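Structure, as structure tokens:
Nothing in this text is a laboratory measurement; each read-out follows from the coordinates by a stated rule. Computed from a predicted structure; not experimentally measured. Please note: Cβ atoms are built from the backbone with ideal geometry, for glycine as well, and neighbour counts cover all protein chains shown.
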Amino acid sequence: MQKEFITTDFKQTQKLGELLAKEINLSAGRGKIICLSGDLGTGKTTFTQGLLKGLKVKGPYTSPTFVIMKKYSQNIFHIDAYRVGTDDIKSLGWEEIANNPRNIVIIEWAEKICGIIPKKALWIEFQWISEKKRKIIFR
């Protein structure tokens, strides 16, 4: 089932991430792969900041653009696939990370590595509406 949300500032986008974290926390012990896609500046990192905050991860929360992957705790991973391909992600231990049912994996620019994303993943698309408005679609 698809759900759409409109946010009008970064705080609303972060709050939406926090709300998703609450849903994930309710299904404790069951991991999740969360795939974020959309153009630059549409709110992927802002959403992730809220999600990480809601998951009780200590900040600061920055995109792992140059380090590719951050591991925030035993089971929370944040990947930025903007500058890499599937082989690069696989070399980071992708199979083990993706197949561990306790892991929560957040992937920015997930469309760039869609060939290795499990079917069970949650896809969230970020779209520009205007300078301040974003459409966020959960698929």
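Below, the figures for the structure above:
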read-out	value
Proportion of all alpha-carbon pairs of the chain beyond 25 Å (%)	19
Unit charges at the beta carbon, dipole of the chain: most positive-side option, T46, A98, L20	L20
Cα centroid of region 122-139 to Cα centroid of region 47-115, whole Å	19
Charged-residue dipole, Cβ positions (Lys, Arg, Asp, Glu), region 3-138 about Cα centre, Debye nearest 20	500
When each of K15/K90; K15/K112; K58/K120; K22/K119; K32/K58 is checked by Cα-Cα distance, pairs over 24 Å	K15/K90; K15/K112; K58/K120
Mean separation of Cα contacts under 8 Å (6+ apart) over length of the chain, as relative contact order %	37
If the convex hull is drawn through the Cα atoms of region 8-74, its volume per residue in Å³	98
The chain: antiparallel DSSP beta bridges as a percent of all, rounded to 5	45
